[in-house]
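The values are calculated or read from the model by the stated rules, or taken from the named source; none is laboratory data. What you see is a predicted model; the values in this text were computed from it and never measured. Because the Cβ atoms are built from the backbone with ideal geometry, glycine has one as well, and the counts that use them run over all protein chains shown. SASA here: full protein model, heavy atoms, side chains in, ligands and nucleic acids out. Shrake-Rupley method; radii C 1.70, N 1.55, O 1.52, S 1.80 Å.
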Amino acid sequence: MKKKLSVIVPSYNEEKAIPYFYEEITKISKEMNYLDFEYIFVDDGSSDNTLSVIKDYAKKDKRVRFISFSRNFGKEAGILAGLEYSKGDYVTIMDADLQDPPELLEEMYHLIKDEGYDCVGTRRVTRKGEPPIRSFFARMFYKIINKLSDIEMVDGARDYRLMTRQVVDSIISIKEYNRYSKGIFSFVGFKTKWLEYENIKRVAGESKWSFWKLFIYALDGITAFSTLPLVFSAVLGFIFFILAFIIILFIVFRTIVFGDPVAGWPSLVCIILFLSGVQLFSIGVIGQYLSKTYLETKNRPVYIVKETEEK
Ligand code: UDP
Ligand code: MG
């Protein structure tokens, strides 16, 4: 019996890219005919014709399966849905825009099959074609998060990876609502090989990520995989407490010895402003964690399915 490989494709407004993608992946599946393929397109509440494009392929080709969400739930939700629906012995996640080169699949498969890896990840070594400011913040983010978190986040790591069923099952077993896949992938461990490639421009359509969206995503990553910012707030509070104590002693001493010259209300205002800033910042940090806990305890589903090829 041939082993099965599931290709998960999170797709949000990708009507233009999917035909190119389908053509490429079909080529690859012919080359890798020692495996059975299934393509799982996850329509993430697209507002264009993505779903009907996918349905057309599903009618013609029974390897094509799909899940359609009731609204846009985000790529993380798409990845989870794909992993949960996949039936393959091996599973890969690929963007619809061909930025994840399907040609690597064969090499990835052999690394798992012949060299005993559980998982093969990919990382971009260049960020060509990306706005420089975005690259700069991305680099900063990886520096910061790797300092803050015990889990290693690889700079430039993509979601494009090939995994064995065992790895997939462990990822699915993580039921958290705030899903930060890059962290979850590292969290589950297993023997991982990294392949590198140069950045590739998307074939059609446009990127769904604005700078602001990426910024929020980065914060999510930090709160999901590190609690150090909380410690940081506490330490800051403690330092100011000690400082205040020393200053009070100093002032009391000065008043007793030298009398009480009235002065310094501007400096007082500065100190008040500074300290209330620090306080608000710390409350904000706590608020971030609290809001994540709040959402987590609600136990909402990560995604809601409207239709699949089965029903
Ligand atoms: N995507 C998704 N839901 C979203 C946003 C994106 O499923 O809310 C998919 C998108 O269709 C694509 C992949 O995630 O297949 C990567 O998105 P994109 O190419 O816009 O990101 P970039 O490559 O610019 O980081
Ligand atoms: Mg892309």
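The set of residues in segment 283-309 being under 22 Å from Val42 (Cβ atoms) and assigned to a helix (DSSP H, G or I) consists of Leu295 alone.
Cβ separations smaller than 6 Å between residues 6+ apart or across chains give the following pairs from segment 202-225 residues that are within 14 Å of ligand 1 (Cβ to nearest atom) to residues that are among the acidic types (Asp, Glu): Arg202/Asp97; Val203/Asp97; Gly205/Glu14. Of all residues in segment 244-290, exactly one satisfies the criterion of being surrounded by fewer than 10 Cβ atoms within 10 Å (Cβ to Cβ) and either touching a helix residue (DSSP H, G or I) at 6+ places or on another chain (Cβ under 6 Å) or among the polar types (S, T, N, Q) (or both), namely Ser267.
Within segment 91-107, the residues that satisfy the criterion of being within 28 Å of Ala224 (Cα to Cα), open to solvent by less than 20 Å² (accessible area, probe 1.4 Å) and in a loop (DSSP other than H, G, I, E, B) are Met94, Ala96, Asp97, Asp100.
Mind checking whether some residue in segment 226-249 is within 16 Å of ligand 2 (Cβ to nearest atom) and touching a residue at least 24 places away in the same chain (Cβ under 8 Å)?
Step one: list which residues in segment 226-249 are within 16 Å of ligand 2 (Cβ to nearest atom), which gives none.
Within segment 226-249 (the criterion being within 16 Å of ligand 2 (Cβ to nearest atom) and touching a residue at least 24 places away in the same chain (Cβ under 8 Å)), the answer is no, since none of the residues qualifies.
State which residue is farthest from the chain's Cα centre (by Cα) when the search covers only segment 39-55 and only residues that are open to solvent by 20 Å² or more (accessible area, probe 1.4 Å) and within 12 Å of ligand 1 (Cβ to nearest atom). Looking at residues that are open to solvent by 20 Å² or more (accessible area, probe 1.4 Å) and within 12 Å of ligand 1 (Cβ to nearest atom), I get Asp48. For Asp155, indicate whether it is within 16 Å of ligand 1 (Cβ to nearest atom) and within 27 Å of Tyr109 (Cβ to Cβ). The answer is yes for Asp155. Filtered by the rule that a residue be within 16 Å of the chain's Cα centre (by Cα) and part of a helix (DSSP H, G or I), segment 169-201 gives Ile171, Ile172, Ser181, Lys182, Gly183, Ile184, Phe185, Ser186, Phe187, Val188.
In this structure, is Thr227 within 28 Å of Ser11 (Cβ to Cβ) and not charged (D, E, K, R)? No: the conditions fail for Thr227. I'm checking my understanding of the structure. Among residues of segment 202-226 that are touching a Leu at 6+ places or on another chain (Cβ under 9 Å) and not aromatic (Phe, Trp, Tyr), which one is farthest from Thr50 (Cα to Cα)? Among them, the one singled out is Ser226. All of Gly82, Gly88 fail the test of being assigned to a loop (DSSP other than H, G, I, E, B) and within 20 Å of Val120 (Cβ to Cβ), apart from Gly88. Checking each residue in segment 1-38 for being in a loop (DSSP other than H, G, I, E, B), open to solvent by 60 Å² or more (accessible area, probe 1.4 Å) and either at pLDDT 90 or above or away from ligand 2 (no atom under 16 Å from the Cβ) (or both) picks out Met1, Lys2, Tyr12, Asn33, Tyr34.
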